Each structure stands twice: as structure tokens, then as C-alpha cells.
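S.K.: Below is the structure I would like to discuss, written out as C-alpha cells.
The values are calculated or read from the model by the stated rules, or taken from the named source; none is laboratory data. Small disclaimer: the values here were computed from a predicted structure and weren't measured. Don't worry about glycine lacking a Cβ; one is built from the backbone with ideal geometry, like all the others, and counts go over all protein chains shown.
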Amino acid sequence: MESKSKIALVTGGSRGLGKDMALRLAQKGIDIILTYNTRAEEAQNVVAQIEQAGQKAVALQLNTANVKSFDLFREQFKALLSGKFNTDHFDFLINNAGFGRNAPIEDFTEEMFDELMNVHFKGVYFLTQKMMALLNDGGGIVNISSGLTRVSFKGSSAYASMKGAVEVFTRYLAKELGPRGIRANIVAPGAVATDFNDGHIRKSEQLTQLVSSITALGRVGMAEDIGGVVAFLCTDDARWVTAQRIEVSGGMLI
Ligand SMILES: NC(=O)c1ccc[n+]([C@@H]2O[C@H](COP(=O)([O-])OP(=O)(O)OC[C@H]3O[C@@H](n4cnc5c(N)ncnc54)[C@H](OP(=O)(O)O)[C@@H]3O)[C@@H](O)[C@H]2O)c1
């Protein structure tokens, strides 16, 4: 029987923001293929939650730093589309996977820079390149950036620069894929209490207070504050929204 649901690929869907995105997309009736890097069990738990909610879901392993693995990933993905979803295309690509690495500019090593670059810009660029032919016309791409492209915090120079590159790339995607009716947007979260950066916000009372004090809504973000915005961008209500950056920060440093 043919699946009538749309399908979203969410990278880094095993925990944190990606998990919430996957759950919220599923609530909108979208089937989910999520990826994880190391946490297979947590990814399977997300799959189980989505299945309980009545949508199809599958987890695939993918290290988005390893661009050379993307051809093989695409073949696995295509086999999954035809085997489990009875289609050869999908609808939404959510480039979310990522990790934090902070240091002052003078201490940032080339190795640290390359690790960040591979995941946060090179991986996003080439995964999108490899997958975009499989997107249905009329589909969408959401790239996850950060509030740190608008405001500056010491130590985030490399990370924020790469997120800035993703924002520029997103506008080019919107331009080049617009003729296919494919929209490309950016969601830029503020500080969110996840495992990100070794859970630095969650673990530090001082940081939590600081972020709360510079945020209009007076607290740090939670993963559950973000996914619904990504899900909205994957609905028909957002059909005229493309090339936009939506900051989801509770009004951080406005
Ligand atoms: N939290 C914040 O304050 C914040 C603010 C702005 C933007 N962001 C952005 O939001 C995104 C998600 O962050 P988060 O807070 O949800 O972080 P998180 O809780 O640490 O989760 C990170 C997710 O990314 C996956 N991942 C990490 N490195 C990967 C790699 N090399 N290849 C493939 N997957 C990888 C992880 O997979 P495993 O579970 O398998 O390890 C996990 O699913 C990132 O792009 C981050 O830059 C976060």
C-alpha cells in the first residue's frame, strides 16, 4: 500500500533538538528517517515514540563529518525509501546534527577547526548536494544555525562563522531550488539546555542565570521550544516562506 505521508530526514535525531524536531514533525503526520552518530539506542527510542504516535520511523547511522560516506548513505537511504516507504523520493531535509567546540581565537587549533568545519559546514553542504535530487518538488530544507551569527560571545568564533556560512548557503539553496518549488530556511536557536557543548548550559547555574538575564522571556531555551518551529516550516502554511532566518531564542539580546 502506498504511503500518503510526507517523509522528513532529520540528521542528529537521537537526542536534543533533533529528537524534538523528529517528534514534532511526526505529530504533523510526517514519517521520519532520523540519523544518529554514536547513540543507536537513544535513536531507537525516538523511533519507538514516533511509531507509537502512528507514523513510520527508521534510524540510520551517519557521521556527517565523513563526506566520503555520503554516497553509501544515499544508497542505503534509497533502499529504505523503496523498501519501507514505497517511494523513491522524500520531502524535507533537516540539517541539524552538530556539536560545540569553544575556545578563544588565539587557542583554536587547526584540528579543532577542521572537526567543526567537517560537521557544521562541509557536511551540511555535501549531504544536501547528495540528497537534493531525491527531494520531491515542493519539498523543503531547514538548516539549523545559531543565535551566535547575530550576536557574539567570546570563544564561539569558529562555530559561529561556520553557522554563518550555512546561512549564506541556505539562501543559495533557496535560489537554486526555487524553480522546483523547494523552500530553504534557517532556524537559529538561542541557548538551549541540551547535551550540546558537554551540557554546559544545563550544568552551569551561573550560565543559566546569565542567559536568562539577557533573554526577553527570562529563561534558557528547552529542546521542546525549537522543534515546533521546524515542523511548521514543513507545512503548507509555510509555503511562501523561503530564504528566511527564524531566530528561536525567547528574545536573546534584542
Ligand atoms: N543547544 C544549543 O544551545 C544550540 C543553540 C544553537 C544551535 N544549536 C545547534 O543545534 C543542533 C543540535 O544541537 P543539540 O543542542 O541538539 O546537541 P546535542 O543534544 O548534543 O545532540 C547532537 C546531535 O547531533 C548528532 N551528532 C553530533 N555529531 C555528529 C556527527 N559527527 N555526525 C552525525 N551526527 C552527529 C548527535 O548524534 P549522537 O546522539 O548519535 O551522538 C545528536 O543526535 C546543532 O547543529 C547545534 O549547533 C544548538
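S.K.: Tell me which of these G199 doesn't satisfy, since it passes every other one: (1) out of contact with any helix residue (DSSP H, G or I) (no Cβ under 7 Å at 6 or more places or on another chain); (2) closer than 27 Å to Y125 by Cα; (3) at pLDDT 95 or above; (4) of a type outside the set (D, E).
M.R.: (3)
S.K.: Of the conditions (1) among the aromatic types (F, W, Y); (2) within 11 Å of the ligand (Cβ to nearest atom); (3) not in a helix (DSSP H, G or I), F73 satisfies every one except a single condition; which number is it?
M.R.: The single condition F73 does not satisfy is (3).
S.K.: In addition: Looking at K68, K84, K130, which is the one that is in contact (Cβ under 8 Å) with a residue 60 or more places away in the chain, more than 24 Å from I226 (Cα to Cα) and surrounded by fewer than 18 Cβ atoms within 10 Å (Cβ to Cβ)?
M.R.: One residue alone meets the criteria, K130.
S.K.: Check E106, E115 and return the single one that is of a type in the set (D, E, K, R) and loosely packed, with under 15 Cβ neighbours inside 10 Å. Spell out how you get there, then give the answer.
M.R.: Details: E115 fails: loosely packed, with under 15 Cβ neighbours inside 10 Å.
Result of the check over E106, E115: E106.
S.K.: Report the residue count in the range 154-183 for those that are closer than 22 Å to A8 by Cβ, within 16 Å of the ligand (Cβ to nearest atom) and among the hydrophobic types (A, V, I, L, M, F, W, C).
M.R.: Selection size over the range 154-183: 2.
S.K.: Let me ask you something else. For the range 117-165, name all the residues that are under 21 Å from I201 (Cβ atoms), among the aliphatic types (A, V, I, L, M) and in contact with a strand residue (DSSP E or B) (Cβ under 9 Å, 6 or more places away or on another chain).
M.R.: Of everything in the range 117-165, those that are under 21 Å from I201 (Cβ atoms), among the aliphatic types (A, V, I, L, M) and in contact with a strand residue (DSSP E or B) (Cβ under 9 Å, 6 or more places away or on another chain) turn out to be I144, L148, V151.
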